[in-house]
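For reference, the structure discussed in these notes is given below.
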Amino acid sequence: MSNLLFWYHTLLTVIFVLAPIVFFALLFITAPYGRYAQNKKFFSVPSRAGWIIMELPAVFVILSGFLFTAPAAAYVLLLMWEFHYLQRTFVFPMQLRNPLKPMPVWIIAMGNIFNIINGFVNGVSLTVIHHYEISWLVDTRFLVGAFLFFSGFAINHHADWVLRNLRKPGESGYKIPQGKLYQWVSCPNYLGEIVQWLGWAIATWSLAGGAFFVWTAANLAPRALRHHRWYGEMFADYPKTRRALIPWVL
Ligand code: NDP
């Protein structure tokens with residue numbers, strides 16, 4: 001048990017320390033996947049396989065914590081986690097309009113490492129660090145967090161759906177997304193993802209959840225700024241009032 005706690009505290013610290021470094025690095029370096037994919041520069045695999053391989057550890061590693069006995073409400077939190085990760089790992093990649101787009105292996109490897117660390121830390125947090133008795137399910141923190149979690153999921157899911165439907169089957173180019181939150185921001189899918197993990201942090205009321213939220217924001221805020229700049233450069237008629245990530249703010 002002391003070994004487990006040592007690794008829990010060490011890896012939690014690693015996430016909190018690395019998050020601001022990643023944030024500043026990503027303001028200057030753009031991860032070369034999606035619209036920034038560089039065909040021949042890196043050893044790559046098709047994006048559909050890449051997404052599945054990258055996210056797979058997140059589905060399973062959290063279960064390691066459940067080798068220990070856990071109170072009932074921990075299983076409800078586990079279901080919320082799996083609700084997201086089963087969609088992201090097995091459904092989202094099957095819906096990609098351009099599944100053969102190259103995804104660099106080093107990005108997949110980095111995603112794997114993060115998903116293993118994050119799955120472990122959250123698994124231990126749900127089962128060993130915290131004791132989520134059934135009464136937790138009516139606690140205001142759980143209720144507010146769960147509301148944000150599912151609202152964020154819905155925003156992310158809808159925004160990804162809009163993007164997917166910009167392309168007809170066989171098309172691979174880019175268009176200006178319109179409607180709902182796209183009226184205000186370029187990347188509502190990233191906004192939804194950040195809100196979702198903020199909800200997770202509140203629903204679990206845990207450092208592990210807080211670390212995941214900080215990490216997600218550190219990754220997605222710079223990428224949203226990059227996407228926003230890219231839209232402005234690509235489309236002369238790109239709406240001027242639209243912001244990158246947070247309506248009227250950023
Ligand atoms: P993007 O918004 O860059 O792309 C999402 C999909 O929509 C891609 O298939 C992309 O195609 C397509 N697309 C995007 N913009 C357009 C457009 N203007 N016209 C036509 N098609 C478009 O998202 P990501 O690929 O970065 O992320 C995908 C999901 O993963 C998101 O839900 C995101 O929140 C999540 N994610 C979560 C992270 C985390 O830290 N938790 C980190 C990264 C992503 P193409 O691939 O050809 O560009």
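When the inverse distances between all different Cα atoms of segment 179-218 are averaged and flipped, the Kirkwood radius reads 10.6 angstrom. Relative contact order, whole percent, for the chain stands at 24, derived from Cα pairs under 8 Å and 6 or more residues apart. Tell me whether segment 79-152 comes out rounded, prolate or oblate; compute the Cα gyration tensor, take square roots of the eigenvalues as a ≥ b ≥ c, and use a/c under 1.5 as the rounded threshold. Oblate, because a/c is 1.5 or more while a/b does not exceed b/c. A cut-off under 13 angstrom between Cβ atoms defines the neighbours of G199, and their net charge, with Lys, Arg +1 and Asp, Glu -1, is 0. Taking a ≥ b ≥ c as the square roots of the Cα gyration tensor eigenvalues, with a/c under 1.5 meaning rounded and otherwise prolate when a/b beats b/c, else oblate, which class fits segment 1-124? Oblate, since a/c reaches 1.5 and b/c is not below a/b. In the chain, a dipole from Cβ-located charges (positive for Lys and Arg, negative for Asp and Glu) runs towards its positive end, and of L12, M234, V121 it is M234 whose Cα lies farthest in that direction. Using a cut-off of 25 Å between Cα atoms, the listed pairs K175/K240; K101/K240; K101/K168 include K101/K240 as exceeding that distance. If you take all other residues with their beta carbon under 12 Å from the beta carbon of R164, and give Lys and Arg +1 and Asp and Glu -1, the sum is +2. Counting other Cβ atoms within 10 Å as a rough exposure proxy, the listed residues S2, S47, S172 run S2, S172, S47 from fewest neighbours to most. Highest mean packing comes first when the peptides 73-81, 11-19 are listed by Cβ atoms within 10 Å, giving 73-81, 11-19. Remark: the chain carries a charge dipole of roughly 1120 debye about the Cα centre, counting +1 on each Lys and Arg Cβ and -1 on each Asp and Glu Cβ.
Shape of segment 80-120 from the C-alpha gyration tensor: oblate (a/c of 1.5 or more and a/b not above b/c, with a ≥ b ≥ c the square roots of its eigenvalues). Over the chain, DSSP H runs of length four or greater, each weighted -39,500 (n - 2.57), average out per residue to a 222 nm ellipticity of -20500 deg cm²/dmol. Along the axis of the charge dipole computed for the chain (Cβ charges of +1 for Lys and Arg, -1 for Asp and Glu, origin at the Cα centre), the listed residues A201, P177, L27 are led at the positive end by P177.
A short reminder: the numbers here are calculations on the coordinates, not readings from a lab. What you are looking at is a predicted structure, and each value in this text was computed from that prediction instead of being measured. Cβ coordinates were reconstructed from backbone atoms using ideal geometry, including for glycine residues, and neighbour counts include every protein chain displayed.
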